Amino acid sequence: MNPFEFSSVGKIIFGRGKIALLGELARGLGSVALLIHSGDDPGKGGPVDRATASLSAAGVPVFFHRQRGEPKVADVDAALAVARQNHCDVLIGLGGGSAIDAAKATAGLLTNGGQCLDYMEVIGKGQKITRPAAPWIAVPTTAGTGAEVTKNAVIGSPEHKFKASIRSEHLLARVALVDADLGESVPAEVRAASGMDAICQLIESFTSTGATPMSDAVAMRGLELAMGFRTELDAKTKRDERETMAYAALLSGIALANAGLGAVHGFAAPIGANFPVPHGVVCARLLPAVVAANIESLFETSPQNPVLGRYLWMGQTVPLKFGPGNDKALVNYLHASVAELQIPGLSTFGLLDEHIPHMVSLAKKSSSMKYNPVVLADDVLANILRSAL
Ligand SMILES: [Fe+2]
(Lines give C-alpha, C1' and ligand atoms only; values in the text may rest on other atoms or scores of the structure.)
Protein backbone atom coordinates (compact mmCIF):
# COMPACT_ATOMS: atom_id res chain seq x y z
CA MET A 1 0.00 0.00 0.00
CA ASN A 2 1.28 3.49 -0.82
CA PRO A 3 2.19 5.69 2.14
CA PHE A 4 -0.29 8.48 2.80
CA GLU A 5 -1.20 11.34 5.09
CA PHE A 6 -4.69 12.20 6.23
CA SER A 7 -6.00 15.18 8.14
CA SER A 8 -9.35 16.67 8.98
CA VAL A 9 -10.99 19.00 11.47
CA GLY A 10 -10.45 18.36 15.17
CA LYS A 11 -14.08 17.57 15.87
CA ILE A 12 -17.23 16.83 13.88
CA ILE A 13 -20.64 17.14 15.53
CA PHE A 14 -23.42 15.80 13.33
CA GLY A 15 -27.12 15.67 14.10
CA ARG A 16 -30.44 17.46 13.97
CA GLY A 17 -30.83 20.25 16.49
CA LYS A 18 -27.11 20.31 17.31
CA ILE A 19 -26.99 24.05 16.51
CA ALA A 20 -28.05 24.42 20.16
CA LEU A 21 -24.48 23.46 21.12
CA LEU A 22 -22.92 26.39 19.25
CA GLY A 23 -22.82 28.81 22.20
CA GLU A 24 -21.04 26.37 24.53
CA LEU A 25 -18.58 25.43 21.81
CA ALA A 26 -17.79 29.09 21.08
CA ARG A 27 -17.37 29.86 24.78
CA GLY A 28 -14.79 27.09 24.99
CA LEU A 29 -12.75 28.69 22.20
CA GLY A 30 -12.90 32.42 22.86
CA SER A 31 -14.73 35.31 24.49
CA VAL A 32 -16.11 37.48 21.63
CA ALA A 33 -17.53 35.91 18.47
CA LEU A 34 -17.74 37.13 14.88
CA LEU A 35 -20.55 35.37 13.02
CA ILE A 36 -20.00 35.44 9.25
CA HIS A 37 -23.24 34.36 7.63
CA SER A 38 -24.95 34.14 4.27
CA GLY A 39 -28.60 33.67 3.42
CA ASP A 40 -30.90 35.09 6.04
CA ASP A 41 -30.51 38.18 8.18
CA PRO A 42 -30.91 38.28 11.97
CA GLY A 43 -34.55 38.53 13.03
CA LYS A 44 -35.95 36.27 10.29
CA GLY A 45 -36.23 33.13 12.46
CA GLY A 46 -33.69 31.19 10.38
CA PRO A 47 -30.27 29.68 11.12
CA VAL A 48 -28.77 33.05 12.11
CA ASP A 49 -31.38 33.47 14.85
CA ARG A 50 -30.88 29.91 16.08
CA ALA A 51 -27.13 30.48 16.23
CA THR A 52 -27.56 33.83 17.99
CA ALA A 53 -29.94 32.32 20.57
CA SER A 54 -27.40 29.64 21.42
CA LEU A 55 -24.54 32.18 21.69
CA SER A 56 -26.60 34.46 23.85
CA ALA A 57 -27.67 31.59 26.16
CA ALA A 58 -23.97 30.82 26.65
CA GLY A 59 -23.19 34.49 27.33
CA VAL A 60 -20.98 34.97 24.26
CA PRO A 61 -21.16 38.48 22.75
CA VAL A 62 -21.43 38.33 18.96
CA PHE A 63 -20.75 40.66 16.03
CA PHE A 64 -22.16 39.96 12.58
CA HIS A 65 -20.79 40.14 9.07
CA ARG A 66 -22.97 39.17 6.15
CA GLN A 67 -21.30 37.42 3.22
CA ARG A 68 -23.19 38.20 0.02
CA GLY A 69 -22.47 35.80 -2.82
CA GLU A 70 -19.20 33.95 -3.17
CA PRO A 71 -16.37 35.58 -1.18
CA LYS A 72 -14.12 38.12 -2.83
CA VAL A 73 -10.81 39.51 -1.66
CA ALA A 74 -12.55 42.68 -0.41
CA ASP A 75 -15.13 40.68 1.59
CA VAL A 76 -12.42 38.86 3.52
CA ASP A 77 -10.52 42.07 4.19
CA ALA A 78 -13.79 43.70 5.40
CA ALA A 79 -14.65 40.81 7.73
CA LEU A 80 -11.11 40.97 9.06
CA ALA A 81 -11.54 44.65 9.89
CA VAL A 82 -14.74 43.89 11.85
CA ALA A 83 -12.95 41.13 13.77
CA ARG A 84 -9.96 43.35 14.61
CA GLN A 85 -12.07 46.38 15.53
CA ASN A 86 -14.19 44.39 17.98
CA HIS A 87 -11.47 42.11 19.35
CA CYS A 88 -13.27 38.99 18.16
CA ASP A 89 -11.29 35.88 19.06
CA VAL A 90 -13.62 33.12 17.87
CA LEU A 91 -15.22 33.01 14.43
CA ILE A 92 -18.24 31.20 13.12
CA GLY A 93 -18.98 30.58 9.43
CA LEU A 94 -22.70 29.88 9.03
CA GLY A 95 -24.26 29.26 5.63
CA GLY A 96 -23.23 27.72 2.33
CA GLY A 97 -19.63 27.30 1.26
CA SER A 98 -19.36 31.06 0.67
CA ALA A 99 -19.86 32.07 4.30
CA ILE A 100 -17.78 29.17 5.54
CA ASP A 101 -14.84 29.95 3.25
CA ALA A 102 -15.06 33.65 4.16
CA ALA A 103 -14.81 32.69 7.86
CA LYS A 104 -11.97 30.25 7.13
CA ALA A 105 -9.89 32.88 5.33
CA THR A 106 -10.69 35.56 7.93
CA ALA A 107 -9.66 33.25 10.78
CA GLY A 108 -6.36 32.55 9.02
CA LEU A 109 -5.60 36.20 8.34
CA LEU A 110 -6.48 37.22 11.87
CA THR A 111 -3.47 35.35 13.25
CA ASN A 112 -1.13 35.49 10.24
CA GLY A 113 -1.41 39.21 9.44
CA GLY A 114 -1.31 40.87 6.05
CA GLN A 115 -3.95 41.01 3.34
CA CYS A 116 -5.97 38.37 1.56
CA LEU A 117 -3.97 38.49 -1.71
CA ASP A 118 -0.69 37.86 0.12
CA TYR A 119 -1.71 34.25 0.69
CA MET A 120 -3.64 33.40 -2.48
CA GLU A 121 -2.43 30.76 -4.92
CA VAL A 122 -2.07 31.48 -8.64
CA ILE A 123 -3.00 35.18 -8.58
CA GLY A 124 -1.53 36.32 -5.24
CA LYS A 125 1.85 36.07 -3.59
CA GLY A 126 1.09 32.52 -2.40
CA GLN A 127 2.74 33.16 0.97
CA LYS A 128 2.46 30.28 3.43
CA ILE A 129 0.06 30.40 6.34
CA THR A 130 2.49 29.59 9.14
CA ARG A 131 0.40 30.08 12.27
CA PRO A 132 -2.78 28.28 13.33
CA ALA A 133 -5.90 30.22 12.37
CA ALA A 134 -7.99 31.87 15.08
CA PRO A 135 -10.33 29.20 16.44
CA TRP A 136 -13.43 28.94 14.28
CA ILE A 137 -16.53 26.81 13.94
CA ALA A 138 -18.02 25.82 10.58
CA VAL A 139 -21.80 25.45 10.43
CA PRO A 140 -23.07 24.50 6.96
CA THR A 141 -26.69 25.12 5.96
CA THR A 142 -26.43 23.63 2.46
CA ALA A 143 -25.43 20.05 1.66
CA GLY A 144 -22.80 20.41 -1.01
CA THR A 145 -19.44 22.08 -0.81
CA GLY A 146 -18.07 20.23 2.22
CA ALA A 147 -16.26 23.50 3.02
CA GLU A 148 -16.78 22.77 6.72
CA VAL A 149 -13.97 20.21 6.58
CA THR A 150 -11.66 21.55 3.86
CA LYS A 151 -8.38 23.36 4.40
CA ASN A 152 -8.72 25.82 1.52
CA ALA A 153 -10.84 28.93 1.20
CA VAL A 154 -11.86 29.75 -2.38
CA ILE A 155 -11.75 33.50 -2.90
CA GLY A 156 -12.60 35.49 -6.01
CA SER A 157 -10.61 38.45 -7.27
CA PRO A 158 -12.67 40.65 -9.63
CA GLU A 159 -9.48 42.53 -10.46
CA HIS A 160 -7.80 39.36 -11.76
CA LYS A 161 -11.05 37.80 -12.98
CA PHE A 162 -10.01 34.59 -11.24
CA LYS A 163 -10.90 32.51 -8.20
CA ALA A 164 -8.09 30.92 -6.23
CA SER A 165 -7.47 29.38 -2.85
CA ILE A 166 -5.73 30.19 0.36
CA ARG A 167 -4.68 26.75 1.51
CA SER A 168 -3.18 25.39 4.70
CA GLU A 169 -3.85 22.73 7.30
CA HIS A 170 -3.72 25.63 9.76
CA LEU A 171 -7.06 26.77 8.33
CA LEU A 172 -9.01 23.69 9.40
CA ALA A 173 -11.99 24.49 11.63
CA ARG A 174 -11.83 23.51 15.29
CA VAL A 175 -15.35 22.14 14.99
CA ALA A 176 -17.60 21.26 12.05
CA LEU A 177 -21.17 21.42 13.35
CA VAL A 178 -23.51 19.80 10.84
CA ASP A 179 -27.21 20.13 11.64
CA ALA A 180 -29.31 19.10 8.64
CA ASP A 181 -32.35 20.93 10.04
CA LEU A 182 -30.63 24.21 9.13
CA GLY A 183 -31.23 23.30 5.48
CA GLU A 184 -35.04 23.50 5.83
CA SER A 185 -35.35 26.82 4.06
CA VAL A 186 -32.75 26.29 1.34
CA PRO A 187 -34.44 26.79 -2.06
CA ALA A 188 -34.85 23.71 -4.28
CA GLU A 189 -32.51 24.98 -7.01
CA VAL A 190 -29.73 25.64 -4.49
CA ARG A 191 -30.27 22.20 -2.96
CA ALA A 192 -30.06 20.55 -6.36
CA ALA A 193 -26.89 22.36 -7.44
CA SER A 194 -25.23 21.83 -4.04
CA GLY A 195 -26.05 18.13 -4.10
CA MET A 196 -24.50 17.78 -7.54
CA ASP A 197 -21.39 19.60 -6.27
CA ALA A 198 -21.10 16.98 -3.51
CA ILE A 199 -21.45 14.14 -6.04
CA CYS A 200 -18.88 15.83 -8.28
CA GLN A 201 -16.42 16.21 -5.40
CA LEU A 202 -16.83 12.56 -4.45
CA ILE A 203 -16.25 11.41 -8.04
CA GLU A 204 -13.28 13.72 -8.58
CA SER A 205 -11.56 12.88 -5.31
CA PHE A 206 -12.09 9.15 -5.91
CA THR A 207 -10.46 9.40 -9.37
CA SER A 208 -7.86 12.04 -8.43
CA THR A 209 -4.15 11.37 -8.92
CA GLY A 210 -3.87 12.39 -5.24
CA ALA A 211 -6.34 9.77 -3.95
CA THR A 212 -5.19 7.75 -0.92
CA PRO A 213 -6.57 4.62 0.79
CA MET A 214 -8.19 6.82 3.47
CA SER A 215 -9.72 9.32 1.05
CA ASP A 216 -11.00 6.36 -1.01
CA ALA A 217 -12.73 4.86 2.03
CA VAL A 218 -14.49 8.15 2.69
CA ALA A 219 -15.34 8.86 -0.97
CA MET A 220 -16.74 5.40 -1.66
CA ARG A 221 -19.22 5.57 1.23
CA GLY A 222 -20.21 9.07 0.18
CA LEU A 223 -20.77 7.90 -3.40
CA GLU A 224 -22.95 4.99 -2.31
CA LEU A 225 -25.10 7.32 -0.24
CA ALA A 226 -25.24 10.30 -2.58
CA MET A 227 -25.82 8.43 -5.83
CA GLY A 228 -28.51 6.30 -4.23
CA PHE A 229 -30.28 9.41 -2.99
CA ARG A 230 -29.69 11.67 -5.96
CA THR A 231 -33.29 11.50 -7.05
CA GLU A 232 -34.26 12.95 -3.68
CA LEU A 233 -32.50 16.22 -4.35
CA ASP A 234 -35.60 17.73 -5.87
CA ALA A 235 -38.19 19.92 -4.23
CA LYS A 236 -39.79 16.99 -2.45
CA THR A 237 -36.70 16.44 -0.31
CA LYS A 238 -37.65 15.19 3.11
CA ARG A 239 -35.86 15.33 6.43
CA ASP A 240 -34.06 11.95 6.27
CA GLU A 241 -32.86 12.53 2.76
CA ARG A 242 -31.63 15.98 3.63
CA GLU A 243 -29.62 14.47 6.47
CA THR A 244 -28.18 11.80 4.16
CA MET A 245 -27.04 14.45 1.70
CA ALA A 246 -25.58 16.56 4.53
CA TYR A 247 -23.54 13.50 5.52
CA ALA A 248 -22.51 12.76 1.90
CA ALA A 249 -21.43 16.39 1.47
CA LEU A 250 -19.38 16.18 4.67
CA LEU A 251 -17.68 13.04 3.32
CA SER A 252 -17.02 14.81 -0.01
CA GLY A 253 -15.22 17.60 1.82
CA ILE A 254 -13.07 15.18 3.84
CA ALA A 255 -12.19 13.27 0.66
CA LEU A 256 -11.33 16.30 -1.48
CA ALA A 257 -9.24 17.93 1.25
CA ASN A 258 -7.01 14.85 1.26
CA ALA A 259 -7.12 13.75 -2.39
CA GLY A 260 -7.58 16.86 -4.56
CA LEU A 261 -10.19 17.18 -7.33
CA GLY A 262 -10.03 17.22 -11.14
CA ALA A 263 -10.98 18.90 -14.41
CA VAL A 264 -14.51 19.93 -13.36
CA HIS A 265 -13.18 21.96 -10.47
CA GLY A 266 -10.33 23.12 -12.68
CA PHE A 267 -12.95 24.79 -14.88
CA ALA A 268 -15.07 25.95 -11.94
CA ALA A 269 -12.49 28.46 -10.70
CA PRO A 270 -12.15 30.66 -13.83
CA ILE A 271 -15.80 30.27 -14.89
CA GLY A 272 -17.07 31.24 -11.44
CA ALA A 273 -14.79 34.27 -11.41
CA ASN A 274 -15.86 35.54 -14.83
CA PHE A 275 -19.58 34.74 -14.94
CA PRO A 276 -22.29 35.02 -12.27
CA VAL A 277 -22.93 31.29 -12.15
CA PRO A 278 -23.25 29.33 -8.89
CA HIS A 279 -20.42 26.87 -8.23
CA GLY A 280 -22.75 23.86 -8.02
CA VAL A 281 -24.30 24.70 -11.39
CA VAL A 282 -20.88 24.83 -13.10
CA CYS A 283 -19.92 21.49 -11.56
CA ALA A 284 -23.20 19.79 -12.42
CA ARG A 285 -23.17 20.94 -16.06
CA LEU A 286 -19.54 19.92 -16.67
CA LEU A 287 -19.47 16.66 -14.76
CA PRO A 288 -21.05 14.23 -17.29
CA ALA A 289 -18.79 15.38 -20.13
CA VAL A 290 -15.63 15.36 -18.00
CA VAL A 291 -16.33 11.82 -16.76
CA ALA A 292 -17.03 10.63 -20.33
CA ALA A 293 -13.87 12.34 -21.67
CA ASN A 294 -11.68 10.97 -18.87
CA ILE A 295 -12.91 7.42 -19.51
CA GLU A 296 -12.39 7.72 -23.27
CA SER A 297 -8.98 9.30 -22.91
CA LEU A 298 -7.82 6.71 -20.36
CA PHE A 299 -8.91 3.86 -22.63
CA GLU A 300 -6.89 5.41 -25.46
CA THR A 301 -3.74 6.32 -23.56
CA SER A 302 -3.48 3.91 -20.60
CA PRO A 303 -6.08 1.14 -20.70
CA GLN A 304 -4.45 -0.54 -17.69
CA ASN A 305 -4.98 2.52 -15.49
CA PRO A 306 -6.78 1.37 -12.31
CA VAL A 307 -8.90 4.55 -12.36
CA LEU A 308 -10.95 2.88 -15.11
CA GLY A 309 -11.93 0.25 -12.54
CA ARG A 310 -13.08 3.06 -10.27
CA TYR A 311 -15.41 4.45 -12.92
CA LEU A 312 -16.73 0.91 -13.39
CA TRP A 313 -17.39 0.58 -9.65
CA MET A 314 -19.33 3.85 -9.70
CA GLY A 315 -21.37 2.56 -12.65
CA GLN A 316 -22.29 -0.41 -10.48
CA THR A 317 -23.29 1.92 -7.65
CA VAL A 318 -25.88 4.01 -9.49
CA PRO A 319 -29.46 2.71 -9.69
CA LEU A 320 -29.80 -0.15 -12.22
CA LYS A 321 -32.21 1.76 -14.44
CA PHE A 322 -29.24 3.72 -15.84
CA GLY A 323 -27.64 0.64 -17.40
CA PRO A 324 -26.06 -2.70 -16.70
CA GLY A 325 -23.53 -1.57 -14.07
CA ASN A 326 -20.72 -0.21 -16.21
CA ASP A 327 -19.03 3.14 -16.84
CA LYS A 328 -21.74 4.08 -19.37
CA ALA A 329 -24.35 3.71 -16.61
CA LEU A 330 -22.43 6.31 -14.62
CA VAL A 331 -22.42 8.78 -17.51
CA ASN A 332 -26.13 8.10 -18.20
CA TYR A 333 -26.92 8.68 -14.54
CA LEU A 334 -25.07 12.00 -14.51
CA HIS A 335 -26.80 13.25 -17.67
CA ALA A 336 -30.18 12.20 -16.24
CA SER A 337 -29.43 13.98 -12.96
CA VAL A 338 -28.63 17.26 -14.69
CA ALA A 339 -31.80 17.00 -16.79
CA GLU A 340 -34.16 15.93 -14.00
CA LEU A 341 -32.86 18.53 -11.59
CA GLN A 342 -33.23 21.17 -14.33
CA ILE A 343 -29.74 22.54 -13.87
CA PRO A 344 -29.52 25.52 -16.26
CA GLY A 345 -26.94 25.65 -19.06
CA LEU A 346 -23.95 27.95 -18.64
CA SER A 347 -25.01 30.18 -21.54
CA THR A 348 -27.86 31.32 -19.25
CA PHE A 349 -25.15 33.15 -17.31
CA GLY A 350 -23.51 34.73 -20.35
CA LEU A 351 -20.85 32.13 -21.11
CA LEU A 352 -20.77 31.82 -24.90
CA ASP A 353 -18.85 29.87 -27.51
CA GLU A 354 -16.48 32.82 -28.04
CA HIS A 355 -15.33 32.60 -24.39
CA ILE A 356 -14.30 28.96 -24.58
CA PRO A 357 -10.61 29.29 -25.65
CA HIS A 358 -9.88 31.79 -22.86
CA MET A 359 -11.67 29.68 -20.23
CA VAL A 360 -9.73 26.58 -21.34
CA SER A 361 -6.41 28.39 -21.03
CA LEU A 362 -7.32 29.63 -17.53
CA ALA A 363 -8.64 26.24 -16.41
CA LYS A 364 -5.32 24.60 -17.32
CA LYS A 365 -3.58 26.85 -14.77
CA SER A 366 -5.99 25.97 -12.00
CA SER A 367 -4.72 23.93 -9.05
CA SER A 368 -7.46 21.27 -9.38
CA MET A 369 -6.59 20.43 -13.00
CA LYS A 370 -3.34 18.73 -12.06
CA TYR A 371 -5.24 16.08 -10.12
CA ASN A 372 -7.33 14.98 -13.10
CA PRO A 373 -6.59 11.28 -13.75
CA VAL A 374 -5.52 11.99 -17.34
CA VAL A 375 -4.22 15.08 -19.16
CA LEU A 376 -7.01 16.25 -21.47
CA ALA A 377 -6.08 17.96 -24.76
CA ASP A 378 -7.21 21.53 -25.38
CA ASP A 379 -9.77 20.50 -28.00
CA VAL A 380 -11.23 17.93 -25.59
CA LEU A 381 -11.49 20.56 -22.86
CA ALA A 382 -13.14 22.94 -25.32
CA ASN A 383 -15.71 20.30 -26.32
CA ILE A 384 -16.47 19.58 -22.67
CA LEU A 385 -17.19 23.23 -22.02
CA ARG A 386 -19.23 23.55 -25.22
CA SER A 387 -21.45 20.67 -24.06
CA ALA A 388 -22.20 22.56 -20.82
CA LEU A 389 -23.40 25.79 -22.44
FE1 LIG B 1 -17.13 21.94 -5.43
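Cα atoms only, the stretch 11-183: Rg and Dmax in Å?
Considering the stretch 11-183 through its Cα atoms, Rg and Dmax are 14.6, 44 Å.
Under 5 Å between amide hydrogens, which residues at least 5 positions from Lys72 or on another chain qualify, with H placed 1.01 Å from N in the peptide plane?
Residues meeting the criterion, in which the H sits 1.01 Å from N, are Gly156.
Who wins for biggest fluctuation among Lys128, Lys321, Lys161 in a Gaussian network model of the chain, springs between alpha carbons below 10 Å?
Residue with maximal mean-square fluctuation among Lys128, Lys321, Lys161: Lys321.
Counting only residues 5 or more places away or on other chains, whose amide H sits under 5 Å from the amide H of Ala134 once H atoms are built in the peptide plane?
Close amide H contacts, sequence-distant or interchain: Gly108, Leu110, Thr111.
For the chain, set up a Gaussian network in which alpha carbons nearer than 10 Å are linked by springs, and say which option among Leu91, Leu22, Leu312 fluctuates the most.
Ranking Leu91, Leu22, Leu312 by mean-square fluctuation puts Leu312 first.
Taking amide H positions as placed in the peptide plane 1.01 Å from N, state which residues far from Phe63 in sequence (5 or more) or on other chains have amide H under 5 Å from it.
Here Ala33, Leu34, Leu35 satisfy the definition.
Run the 1.4 Å probe and let me know the accessible area of Val281, rounded to the nearest 10 Å².
Its heavy atoms expose roughly 10 Å² to the probe.
From the phi angles alone, apply the Karplus equation (6.51, -1.76, 1.60; θ = phi - 60°) to the stretch 337-346 and give each ³J(HN,Hα) in whole Hz, x where the residue is Gly or Pro.
Whole-Hz 3J(HN,Hα) from phi for the stretch 337-346: 4, 4, 5, 5, 7, 6, 6, x, x, 6.
If each DSSP helix of 4+ residues adds -39,500 (n - 2.57) and the sum is divided by the residues in the chain, what number results at 222 nm, nearest 500 deg cm²/dmol? Provide the component values of the computation, followed by the final result.
Working: 13 runs with 184 residues, N = 389.
The helix-only estimate for the chain comes to -15500 deg cm²/dmol at 222 nm.
Can you give me the % of accessible surface on the chain that is carbon or sulfur? Probe 1.4 Å, all protein chains present, nothing else counted.
Of the solvent-accessible surface of the chain, carbon and sulfur hold 55 percent.
Suppose every K and R has +1 on its Cβ and every D and E has -1 on its Cβ; what is the size of the dipole of the stretch 188-388 about the Cα centre, in Debye to the nearest 20?
For the stretch 188-388, the charge dipole is close to 260 debye.
Could you state how much accessible area Arg167 has, in square angstrom rounded to the nearest 10, with a 1.4 Å probe and all protein chains kept in place?
100
Quick check: net charge around Ser168, other residues with Cβ under 12 Å of its Cβ, Lys/Arg +1 and Asp/Glu -1? Spell out each step's value before the answer.
Details: positive: Lys104, Lys128, Arg131, Lys151, Arg167; negative: Glu121, Glu169.
After counting each charged neighbour, the total is +3.
What does the charge count near Glu300 come to, summing +1 for each Lys or Arg and -1 for each Asp or Glu among other residues with Cβ under 15 Å from its Cβ? List each step's numbers first, then the result.
Working: positive: none; negative: Glu296, Asp327, Asp379.
Taking every Cβ under 15 Å from that of Glu300, the sum is -3.
Can you give me the Cα centroid spacing of the stretch 323-389 and the stretch 9-60 in angstrom?
With the stretch 323-389 and the stretch 9-60 each reduced to a Cα centre, they are spaced 37 Å.
If you place +1 on the Cβ of every Lys and Arg and -1 on the Cβ of every Asp and Glu, how big does the dipole about the Cα centre of the chain come out, in debye to the nearest 20?
On the way: 34 positive and 36 negative charges, 115 e Å.
It comes to approximately 560 debye.
Beyond 37 Å, what percent of the Cα pairs of the chain remain? Display every interim value, and only then the final one.
Values: 11850 of 75466 pairs.
The proportion of pairs with Cα distances above 37 Å equals 16 percent.
The values are calculated or read from the model by the stated rules, or taken from the named source; none is laboratory data. Here the structure is a predicted model, which means the values were calculated and not measured. Note that each Cβ is placed from the backbone with ideal geometry, even for glycine, and that neighbours are counted across all protein chains shown. Just the protein is used for accessible areas: all its heavy atoms, side chains included, with ligands, DNA and RNA removed. Shrake-Rupley method; radii C 1.70, N 1.55, O 1.52, S 1.80 Å.
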